[in-house]
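The values are calculated or read from the model by the stated rules, or taken from the named source; none is laboratory data. Because the structure is predicted, anything quoted here is derived from the model rather than measured. Counting neighbours? That spans all protein chains shown, and the Cβs are built from the backbone with ideal geometry, glycine included. Note: areas computed on protein heavy atoms with side chains; ligands, DNA, RNA excluded. Shrake-Rupley method; radii C 1.70, N 1.55, O 1.52, S 1.80 Å.
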Amino acid sequence: MESAEKKPRRKRLKKCPVCGGDAWPIAYGMVGPDAYEESPETYFAGCCIDYQERVYSATGKVEYGVPKWACQNGGCRHQWW
């Protein structure tokens, strides 16, 4: 039995909680051209990992973290984790 060629899985996309636009997962690090082709709906943020502070609306607590999602709407560009 021949093995089937693996196709990259499409990552589940989200909607931005601010504007409702399409949001893509954020990938950090140096990537080659192959990564862009395998994951066209991924926001490649480069090597600089930027911790951000936010107030979580459900609890009112201040949290620190690395954004995992980025809105693709040019007028919004909200990032969250």
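Residue by residue, here is whether (1) in contact with a strand residue (DSSP E or B) (Cβ under 9 Å, 6 or more places away or on another chain); (2) polar (S, T, N, Q) holds:
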{"position": "36", "(1), (2)": "yes, no"}
{"position": "39", "(1), (2)": "yes, yes"}
{"position": "54", "(1), (2)": "yes, no"}
{"position": "71", "(1), (2)": "yes, no"}
{"position": "75", "(1), (2)": "no, no"}
{"position": "81", "(1), (2)": "yes, no"}
TODO: Scan the range 30-37 and give yes if some residue there is modelled with pLDDT of 85 or more, open to solvent by less than 100 Å² (accessible area, probe 1.4 Å) and of a type in the set (Val, Ile, Thr), otherwise no.
DONE: no
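Hey, which of the strands (runs of 3 or more DSSP E) in the range 8-74, taking only ones fully inside, have at least 1 residues that are of a type in the set (Ser, Thr, Tyr)?
On the way: elements: 22-27, 52-55, 62-65, 69-71.
Qualifying strands (runs of 3 or more DSSP E): 62-65.
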